[in-house]
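Quick notes on the structure that follows.
The values are calculated or read from the model by the stated rules, or taken from the named source; none is laboratory data. Given the structure is predicted, the values throughout are model-derived calculations rather than measurements. Every residue, glycine as well, gets a Cβ built from its backbone with ideal geometry; the counts of neighbours run over all protein chains shown.
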Amino acid sequence: MKGETDKRIEERLVELGKALVDQKKARVIVEPNKRERGFWFGGGKLLKDRKGNLAVSGRYRNAGDSRYGISAGERGLELAVFISGDNGNSFRKIRSWSKKDLKCRGKEVVSIEGSSLYCGRNTVKMFVSTEKDISYPDGFAEYQKPGTGIWEIDVFEGDSLENLDVSRIRAVLSSADPEKLHIKDPAVFDMNDKTWMIYCKHPFSWNCSYTGAAEIKNSSAVRTTSEDLLPRGYTWDIAVSRLTCRMPVPKIGIFAGLPPVSVYFYDGAECIREHPQNEKGVHRPRGYSCEEIGGLAWGFDEEFPRIRRLSRHFPLFVSDQGTGCSRYVSAIHNEENLAACWQKSMADFSQPLVFHSLDKKEISEILK
């Protein structure tokens, strides 16, 4: 009986994910600085603030190749927050911070990437991952490319989005372990009366990435609970398995009588670097570093950090344009609807932030 229930759950969740992260219906809400290859906006999280506005964070990224260091381009250069007072129909920028603004512990910032807004009882927090001008540990220095650093996660806060105070930025999570030297791309959420952060980890060699989970206390004390929350797969996601979002599933339809269930969006890649496919082989979307494609997992909240992969053999989220890149999905249950945004490759190979939502009727039809 349990197997039958799990199968029905998985079928509904796959259908829900595909309907929400709809590549054709999504519309652009934040443009990159240029509509050219290497220019992106995304990597952040959706949030509903205490005023009822939808907010989203993200970073502007200009052309540059992380394999060759900052000298190859500007890369991640600005962290920004946009808000919508009309339930996602339009967004406007309200705050932004440069690499210089995000300097922490005396370390200069080389690049900016994933971020996560979090709304607590009396405060709003911005968790952000930055690559800092830090040298590799002894014995691994030769693997550090000129102009690059080490990725860490920091946080700053305020009593509102408008009053976020970067002058009090402080470290949250970093590592000196070569196997997980680079810590980045946080996603922070409340579940089971605790505050959790899922995050991405890369080794010194940058040949793969995987996901960790930690419990956050007072924004600065982090207790790691899972070193490998979603082990890398065996096919399309064998090199990368980076969770980007947890979304509670509405308790309607077949989920009404079940314990709370959450769905988890993740980025996967078959390889870290782009390489050609066999011209006589089956053409397939092949995510690689900085051009990932998307998958889905799920779990009962009471069992976290145990989650189960849904996209075992093939990706679920691939752009219908450009390189096929579709990544950094962030989705929320917004009472009236489900809303999601993600970074999507376009025909000109730029990657703007796109948005799509499902209303109550559409959700009910899928989860019945």
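From SER364, SER326, SER319, which residue is surrounded by fewer than 19 Cβ atoms within 10 Å (Cβ to Cβ) and hydroxyl-bearing (Ser, Thr, Tyr)? Don't jump to the end; show me each part of the working.
Numbers: SER326 fails: surrounded by fewer than 19 Cβ atoms within 10 Å (Cβ to Cβ); SER319 fails: surrounded by fewer than 19 Cβ atoms within 10 Å (Cβ to Cβ).
It is SER364.
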Subject >> Hits in the range 319-337 - residues which are under 18 Å from LEU13 (Cα atoms), touching a Cys at 6+ places or on another chain (Cβ under 8 Å) and either of a type in the set (Ser, Thr, Tyr) or part of a loop (DSSP other than H, G, I, E, B) (or both) >> reply: SER330
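Could you look through the range 7-54, keep only residues that are part of a helix (DSSP H, G or I) and without any contact (Cβ under 8 Å) to a residue 60 or more places away in the chain, and pick out the one that is surrounded by the fewest Cβ atoms within 10 Å (Cβ to Cβ)?
Going through the qualifying residues, I end up with LYS7.
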Subject >> Residue in the range 162-170 that is outside any strand (DSSP E or B), surrounded by 15 or more Cβ atoms within 10 Å (Cβ to Cβ), in contact with a helix residue (DSSP H, G or I) (Cβ under 8 Å, 6 or more places away or on another chain) and modelled with pLDDT of 95 or more present >> reply: no
Original post:
Can we say ALA269 is crowded, with 22+ Cβ neighbours inside 10 Å, touching a His at 6+ places or on another chain (Cβ under 9 Å) and on the phi < 0 side of the Ramachandran plot?
Top reply: no
Original post:
Just one of VAL81, VAL166 is touching a residue at least 24 places away in the same chain (Cβ under 8 Å) and farther than 27 Å from ARG37 by Cα; which is it?
Top reply: VAL166
Original post:
Mind checking whether some residue in the range 104-126 is in a strand (DSSP E or B) and touching a helix residue (DSSP H, G or I) at 6+ places or on another chain (Cβ under 8 Å)?
Top reply: yes
Original post:
Looking at the range 239-266, which of the residues that are touching a strand residue (DSSP E or B) at 6+ places or on another chain (Cβ under 8 Å) and basic (Lys, Arg) is surrounded by the fewest Cβ atoms within 10 Å (Cβ to Cβ)?
Top reply: ARG246
**OP:** Note down all Cβ pairs under 9 Å where the first residue falls in the range 312-323 and is over 14 Å from LYS24 (Cβ atoms) and in contact (Cβ under 8 Å) with a residue 12 or more places away in the chain, the second is surrounded by fewer than 16 Cβ atoms within 10 Å (Cβ to Cβ) and β-branched (Val, Ile, Thr), and they're at least six residues apart or on different chains.
**Re:** ARG312/THR235; HIS313/THR235; PHE314/THR235
**OP:** Could you please find all residues in the range 238-267 being farther than 18 Å from GLY299 by Cβ, under 19 Å from the mean Cα position of the chain (by Cα) and in a loop (DSSP other than H, G, I, E, B)?
**Re:** ILE238, ALA239
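Is the range 222-233 home to any residue that is in contact (Cβ under 8 Å) with a residue 60 or more places away in the chain, outside any loop (DSSP other than H, G, I, E, B) and either in contact with a strand residue (DSSP E or B) (Cβ under 8 Å, 6 or more places away or on another chain) or over 27 Å from ALA339 (Cα atoms) (or both)?
Within the range 222-233, the first condition is being in contact (Cβ under 8 Å) with a residue 60 or more places away in the chain, and the residues that meet it are 225-226, 229-230, 233.
From the residues that got through so far, the ones that are outside any loop (DSSP other than H, G, I, E, B) too are 225-226.
If we keep only those that are either in contact with a strand residue (DSSP E or B) (Cβ under 8 Å, 6 or more places away or on another chain) or over 27 Å from ALA339 (Cα atoms) (or both) as well, we get 225-226.
Yes: one or more hits.
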**OP:** Name the single residue, out of those in the range 268-298 being outside any strand (DSSP E or B) and aliphatic (A, V, I, L, M), that is farthest from PRO231 (Cα to Cα).
**Re:** VAL282
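Here is a yes/no grid of residues against (1) in contact with a Ser or Thr (Cβ under 8 Å, 6 or more places away or on another chain); (2) within 20 Å of ALA331 (Cα to Cα); (3) of a type in the set (Val, Ile, Thr):
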site: SER160; (1), (2), (3): no, no, no
site: VAL172; (1), (2), (3): yes, no, yes
site: ALA176; (1), (2), (3): no, no, no
site: ILE183; (1), (2), (3): yes, no, yes
site: ILE198; (1), (2), (3): yes, yes, yes
**OP:** Scan (1) in contact (Cβ under 8 Å) with a residue 40 or more places away in the chain; (2) within 22 Å of TRP206 (Cβ to Cβ) for the single condition PHE265 breaks and write down its number.
**Re:** (2)
Subject >> Within the range 147-164, tally of residues that are closer than 19 Å to PRO178 by Cβ and of a type outside the set (Ser, Thr, Tyr) >> reply: 5
Original post:
Has the range 117-124 got at least one residue that is within 18 Å of LEU353 (Cα to Cα) and either without any contact (Cβ under 8 Å) to a residue 12 or more places away in the chain or buried (at least 17 other Cβ atoms within 10 Å of the Cβ) (or both)?
Top reply: yes
Original post:
Out of the range 215-237, which residues are small (Gly, Ala, Ser) and either touching a helix residue (DSSP H, G or I) at 6+ places or on another chain (Cβ under 8 Å) or under 18 Å from TRP298 (Cα atoms) (or both)?
Top reply: SER226, GLY233
